[in-house]
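So the structure is just underneath, and the comments pick up after that.
The values are calculated or read from the model by the stated rules, or taken from the named source; none is laboratory data. Quick caveat, the model's predicted, so the values are computed rather than measured. Heads up, the Cβs are rebuilt from the backbone with ideal geometry, glycines too, and the neighbour counts pull from every protein chain shown. What goes into the accessible areas is simple: the full protein's heavy atoms, side chains included, and nothing from ligands, DNA or RNA. Shrake-Rupley method; radii C 1.70, N 1.55, O 1.52, S 1.80 Å.
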Amino acid sequence: QVQLVESGGGLVQAGDSLRLSCVASGRTFANYAIAWFRQAPDKEREFVAAITWNGASTSNTQTGRFFISTDNAKNTVFLQMNSLKPGDTAVYFCAASVGRIGVRPNEYDSWGQGTQVTVSS
């Protein structure tokens, strides 16, 4: 099973940017898809974006300010978040699945512990 560690969250003001990182270890990643989800208090976990190690990606159109990318040499997936809004406040998780990209949490087998992003107005 792959291990995932997120970092980069924090407290920012509306309009700021943040870049989250997800470092993966424990497997050969050529066949994996890595996704970012977020979960706000009292809300369901929401798909943000996902990418494969050969660069295919998809994202939630409601988070069009967010961009996913990879550094394959470092087994790291990034989520660049721009023009942050208070509604973006959530715990952000990365997740891994073998095979193609999915948009539902139950399509992913491995999860990180999450990183908190708080956006003040």
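When you restrict to C-alpha pairs under 8 Å that are six or more residues apart and normalise by the size of the chain, the relative contact order lands at 36 percent. Solvent-accessible area of the chain (1.4 angstrom probe, protein heavy atoms only): carbon and sulfur portion equals 46 percent. Each 5 Å bin from zero up to the one holding the largest Cα-Cα distance in the range 1-113 carries the following percent of pairs: 2, 13, 25, 27, 19, 9, 4, 1. With all protein chains kept in place, the per residue accessible area of the range 46-121 amounts to 49 square angstrom at a probe of 1.4 angstrom. Taking every eigenvalue of the Cα gyration tensor of the range 50-111, multiplying by 5 and rooting it, what semi-axes result, largest first, whole Å? Sorted largest first and rounded, they come to 20, 15, 11 Å.
Residues with beta-carbon under 15 Å from that of residue 2, excluding residue 2: net charge, scoring Lys, Arg +1 and Asp, Glu -1? Display every interim value, and only then the final one.
Values: positive: 27, 74; negative: 6, 107, 109.
Taking every Cβ under 15 Å from that of residue 2, the sum is -1.
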